[in-house]
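The next block holds one structure in the form of structure tokens; read it before the comments.
The values are calculated or read from the model by the stated rules, or taken from the named source; none is laboratory data. Not measured: the values here are computed from a predicted model. Methodologically, a virtual Cβ is constructed for each residue, glycine included, from the backbone with ideal geometry; neighbour enumeration extends over all protein chains shown. Protein only, heavy atoms only, side chains kept; ligands, DNA and RNA dropped before computing areas. Shrake-Rupley method; radii C 1.70, N 1.55, O 1.52, S 1.80 Å.
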Amino acid sequence: MTDQVDRRSLIKGMGLAGATVAIASTARAKAPAIGRNLPDVVVVGAGAFGGWTALELRERGAKVTLVDLYGPGNPRASSGDESRLIRASYGEREIYSRMAVRASQLWHQRQEEFGRSMIYINGSLRQLKPEAVAAQEVIFKKLGLPYELLGPDEIKYRWPQLNYDDVPQLFFEEKSGIVKARESMIGVSEMFQKKGGKIRIGHAKPGTAGSGSLRDVAVDGQALAAGRFVFACGPWLPKLLPSLLGDKILTPRREMFYVGIPPDDRRYRWEHCPNLSDADTYTAADVDYGIKVAGKMPNMKVDPDTQDRLVSAFQGEAVERYVAKRMPGLKGQPIVASRVCQTEYSDNGHYIIDTHPEYANVLIAGGGSGHAFKMGPALGEYVAGRVLGDTGDPQAAALFAIGAHGPANGSPAE
């Protein structure tokens, strides 16, 4: 990747005009060449935050060891499912719209570099409250992002396989889409190792410290020393740093179902069907694994190590009812796969990316709040810059500061 991105590349990657990125620096912070007193960096967690950060740090010249308890793309990870959605609609939160633009561009660049399909642009239909639509229109017009407001007749004309006769208006975001989850994280880890990074599977905990710095992490009881550390282990952060983050990250259970499509029916493939988000739930169109439908459930806190990974029968029945309602052509089609995972929410839906208050050489990156995975490549840029001393955009630093977050006990803001 080049150190700077021109506007023409940005427009080509996302199909957008007029968008700039709030959190990215105009020039990427560079690490000195290996061997010139560069501290080694240990990144704990190989998910969306940690994997992309480790790859970015390695590309900037750092000597990086990436440690993960179960390995990249494992079924316990929040990034271990088949797919995630990418969108730029975040209401009044312009910083995330800008980050989504940058992330989409990088997903396309990385897809070409990795030589594997990772992003599928198929658009999304979203049911928004009137005030949310107004706020979204302001941001989209400001950034030059294409959108439409569609009524049920127009929806039926464009996508006769969908039924939204009961919804007066939906927000159509043309350039949103689907990104592969587990497969992408495996691709990140493979490229990281190809470029000289090291991956170590093991249980990492903060080790010895002194003079305001962490000296090492204990990996399965063995000390792994470094000059700088990144703790980016998602739902494990409250367990790893309980006194600091124990009440600041909520880890609720999520159940995902994949509904099969008939062998002679291509209407629900990603090429022909947008993703859906309404008052009932959300979906991702078929990218060779079935239509993904999220089970809707309250925020029940779980332990990512010990929770069972079997879906609930009542959730499966709710998914079948939803499919019959919104995609009647799939009524009676089988659920062909399912996943149980967890997300990790902060109290206000903002990330937690900040220096540890006791250790100047430790950066914490987490609080994904349901949108970290889609931002992964852009987050890797931002976190890597922070590790190497680039404070980045002041607004982002203030929003992501640990002190800006309270206890995450209720429904998170998005």
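May I ask you to verify whether SER124 is of a type in the set (Gly, Ala, Ser), crowded, with 19+ Cβ neighbours inside 10 Å and touching a strand residue (DSSP E or B) at 6+ places or on another chain (Cβ under 7 Å)? Here the answer is yes, as SER124 does meet what is asked.
From the list LYS142, LYS175, exactly one residue is touching a helix residue (DSSP H, G or I) at 6+ places or on another chain (Cβ under 9 Å) and assigned to a helix (DSSP H, G or I). Which is it? Sole residue among the options that is touching a helix residue (DSSP H, G or I) at 6+ places or on another chain (Cβ under 9 Å) and assigned to a helix (DSSP H, G or I): LYS142. Residues in the range 376-386 that are open to solvent by less than 20 Å² (accessible area, probe 1.4 Å) and more than 26 Å from ASP81 (Cβ to Cβ): 1 in all.
Each row is one residue, and each column tells you yes or no for (1) in contact with a His (Cβ under 8 Å, 6 or more places away or on another chain); (2) modelled with pLDDT under 95; (3) not charged (D, E, K, R).
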site	(1), (2), (3)
ALA232	no, no, yes
LYS248	yes, no, no
GLU255	no, no, no
ASP264	no, yes, no
THR281	no, no, yes
ILE291	no, no, yes
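Checking the range 177-197 against the condition returns no match, with no residue being over 19 Å from the mean Cα position of the chain (by Cα) and over 19 Å from ALA54 (Cα atoms).
One line per residue, one yes/no per condition, for (1) open to solvent by less than 20 Å² (accessible area, probe 1.4 Å); (2) in a helix (DSSP H, G or I); (3) closer than 18 Å to GLY177 by Cβ; (4) touching a Ser or Thr at 6+ places or on another chain (Cβ under 7 Å):
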| position | (1), (2), (3), (4) |
| --- | --- |
| ALA100 | yes, yes, yes, no |
| SER104 | yes, yes, yes, no |
| GLN111 | no, yes, yes, yes |
| SER117 | no, no, yes, no |
| LEU128 | no, no, no, no |
| VAL133 | yes, yes, no, no |
| ILE155 | yes, yes, no, no |
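Among the numbered conditions (1) modelled with pLDDT of 95 or more; (2) open to solvent by less than 10 Å² (accessible area, probe 1.4 Å); (3) not small (Gly, Ala, Ser), the only one that PHE373 does not meet is (2).
Every residue, every condition in (1) open to solvent by less than 70 Å² (accessible area, probe 1.4 Å); (2) in a helix (DSSP H, G or I); (3) at negative phi, yes or no:
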| position | (1), (2), (3) |
| --- | --- |
| ASN299 | yes, no, yes |
| LEU310 | no, no, yes |
| VAL319 | yes, yes, yes |
| VAL323 | yes, yes, yes |
| SER338 | yes, no, yes |
| PRO357 | no, no, yes |
| ALA360 | no, no, yes |
| ILE364 | yes, no, yes |
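If you check LYS198, LYS141, LYS194 for being closer than 30 Å to GLN222 by Cβ and out of contact with any Ser or Thr (no Cβ under 9 Å at 6 or more places or on another chain), only one passes: LYS194.
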